[in-house]
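Taken together, the values in this text are just the output of simple stated rules run on the coordinates, not laboratory data. Worth saying up front: this structure is predicted, and the values here are computed from it rather than measured. Every residue, glycine as well, gets a Cβ built from its backbone with ideal geometry; the counts of neighbours run over all protein chains shown.
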Amino acid sequence: MRGLRRSLKLMIDIDISKVNKQALRILEDLESAGYDAYLVGGCLRDLLLGYVPKDIDIATNALPEEAQKAIRRSRVIGRRFKLVLAHRGVEQYEISTFRRNAYLDEEPSDHPQGDNIYGTLEEDAWRRDYTFNALFYNPQSKKFFDPTGGLRDIEKRRVQMIGDPDQRLVEDSIRILRAVRHAHKLDCHIPASLRKKFSEHAPELLKSALPRRREEFIKILRVYSPFHCFLDMADLGILEAILPSLHPFFQKKQSLQNIRRCWAQLRKKDRSEMEPTEIFTWILIPCLSALEPDPKKWYELSRHPEWTQLMKEELGMFGYEMTDFTQVCELTPQILEMEQYSKRSEKRQSSFLRHRVWPLALDIMYNLKYLSTSQYSDWVREFKNKL
Ligand code: ATP
Ligand code: MG
């Protein structure tokens with residue numbers, strides 16, 4: 001209960017104007033039905049650190065079925081973890097009931113409802129991963145709860161694990177990737193003692209579900225400087241553990257320079273809506289071009305079993321994304337030969353330009369400096385004229 005006392009309703013001023021009104025209305029729906037409801041997790045962390053939150057999570061003491069009744073146009077989803085989902089236009093909001101972890105002396109048979117073990121706000125905070133992800137705020141009452149000391153860590157821009165790192169990382173090693181990503185995205189630091197724990201537990205990441213790692217890779221490519229985030233992962237032994245085919249590219253000066261130069265271009269792009277195929281192409285192409293500078297040889301190389309292993313088993317790419325990537329590799333040398341293109345029939349020219357991954361191939365070749373600005377503009381003009 002010590003934590004609860006520490007978190008006694010701090011009055012705090014959070015700039016709520018960056019939070020979608022729809023989310024606030026969902027909180028009101030829950031409150032008017034007599035429940036407690038709070039903004040929680042990443043959105044509060046982002047607001048306090050000065051960023052615009054991407055997704056809004058809501059936590060409540062209402063059980064999923066109760067929350068569903070209280071919130072207009074919402075439904076209960078999930079079985080292992082029941083949640084309430086409310087769609088508002090293109091946005092969707094997740095409303096979760098406060099949960100707790102099972103106590104050590106509890107048997108699974110004590111919980112016929114599976115992983116849906118509900119708890120108090122305090123218990124819900126302690127099962128979260130990092131202190132800055134365990135803040136609760138209600139904009140109307142201005143009640144703010146910080147049971148794990150997240151506000152102090154936000155002030156120090158510090159990533160701090162909740163509970164014993166050894167235990168929390170064995171429970172779920174994905175938390176390592178989440179921390180490294182958050183640190184780079186939010187300009188926070190990871191204390192040396194926690195970094196050491198991350199290195200020790202990095203090999204366990206291989207036991208995590210590949211789709212979860214894949215989601216993290218995609219999100220990492222969206223941080224301001226993915227290059228530094230990957231360097232950090234190499235430093236911590238994470239790359240060696242989970243992306244062993246990519247790791248050597250982060251060891252050699254030549255390929256490092258290539259990746260740095262290419263990824264520096266990413267900073268100019270809005271990556272929030274970038275398709276996974278595009279993101280994976282940005283990861284793979286600078287490595288491929290470091291290995292083989294001649295784009296004519298990329299297609300052959302991209303179909304090599306080693307690359308298939310990297311794409312499928314390590315990055316978790318889907319079949320169609322792998323096909324898209326090999327097609328980018330097939331198109332790139334043709335983009336270097338505009339003269340050849342000009343000799344083709346109108347029909348073949350337009351089918352070349354209409355290729356689904358053509359804009360991506362053009363963009364990549366320009367950013368890798370295989371095309372000059374004027375060559376790039378020629379292609380863009382051609383594209384606009386023909387299609
Ligand atoms: P982002 O949305 O930028 O990925 P986030 O922290 O909001 O960051 P979500 O996946 O949206 O991540 O999760 C919402 C909240 O759920 C987190 O802030 C955290 O409190 C909790 N959470 C998410 N993943 C974990 C995890 N692996 N272990 C414990 N708590 C987690
Ligand atoms: Mg989030």
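Residues in the range 237-254 carry Karplus couplings, in order, of x, 6, 4, 4, 6, 10, 10, x, 7, 8, 3, x, 5, 8, 9, 9, 4, 4 Hz; the curve used is 6.51 cos²θ - 1.76 cosθ + 1.60 with θ = phi - 60°, and Gly or Pro positions show x. Computed over the range 247-322, relative contact order equals 28 percent, with contacts defined as Cα pairs under 8 Å that lie 6+ residues apart. Give the relative contact order (percent, whole number) for the chain; include only Cα pairs under 8 Å separated by 6+ residues. About 10 percent, as a whole number. As a length-normalised measure over Cα pairs under 8 Å and 6 or more apart, the relative contact order of the range 8-67 settles at 34 percent.
May I ask you to list the trypsin sites (Lys or Arg not before Pro) in the range 208-304 that are in a DSSP loop and have at most 15 other Cβ atoms within 10 Å of their Cβ?
Details: sites: R212, R213, R214, K219, R222, K252, K253, R260, R261, R267, K268, K269, R271, K296, K297, R303; in loops: R222, K252, R267, K268, K269, R271, R303.
Listed in order of number, the matching sites are K252, R267, K268, K269, R303.
Taking 0.36 nm per residue of separation and subtracting the Cα-Cα distance, what length does fully extending H189 through D15 add?
60.3 nm
Sorting V380, V52, V223 by the number of Cβ atoms found within 10 Å of their own Cβ, with the fewest placed first, yields V52, V380, V223.
Taken over the chain, the percentage of Cα pairs per 20 Å bin, counting from 0 up to the bin with the maximum distance, is 24, 49, 24, 3. If I take R0 = 25 Å and measure r between the Cβ atoms of S374 and K253 in this structure, what FRET efficiency does the formula 1/(1 + (r/R0)^6) give, to the nearest 0.05? With R0 = 25 Å, the Cβ-Cβ based efficiency is 0.20.
All C-alpha pair distances within the range 44-108, sorted into 5 Å bins from zero, spread as 4, 15, 21, 19, 16, 13, 8, 3, 1 percent across the bins. Residue separation of S141 and K312 scaled by 0.36 nm, minus their Cα-Cα distance, works out to 56.7 nm of gained length.
With a cap of 12 neighbouring Cβ atoms within 10 Å, and only residues DSSP puts in a loop, list the GluC sites (Glu not before Pro) found in the range 205-285.
On the way: sites: E215, E216, E240, E273, E278; in loops: E273.
Those that pass, being in a loop and sparsely packed, are E273.
Computed about its Cα centre, the charge dipole of the range 160-227 is approximately 280 debye, with only Lys, Arg, Asp and Glu carrying charge at their Cβ.
Looking at the chain, what % of its DSSP beta bridges pair antiparallel, to the nearest 5? Mind showing how you got there, number by number?
Numbers: 22 of 27 bridges.
Antiparallel: roughly 80 percent of the beta bridges in the chain.
The aspartates and glutamates whose alpha-carbon is closer than 20 Å to the alpha-carbon of K196, local same-chain residues fewer than 8 away aside, are D129, D153, D164, D166, E171, D172, D187, E204, D232, D235, E240. Pairs from the list K54/K143; K82/K197; K312/K343; K269/K347 with a Cα-Cα gap above 28 Å: K82/K197; K312/K343; K269/K347.
Among the trypsin sites (Lys or Arg not before Pro) found in the range 27-83, those both in a DSSP coil and sparsely packed, with 12 or fewer other Cβ atoms within 10 Å of their Cβ, are K54, R72, R73, R79, R80. Here the extension length gained between R25 and R72 equals 15.9 nm, from 0.36 nm per residue of separation less the Cα-Cα distance.
Grab the beta carbon distance between E292 and E155, set R0 = 41 Å, and tell me the FRET efficiency rounded to 0.05. All intermediate terms of the calculation are to be shown ahead of the outcome.
Values: r = 49 Å, r/R0 = 1.18.
E between E292 and E155, to the nearest 0.05, is 0.25.
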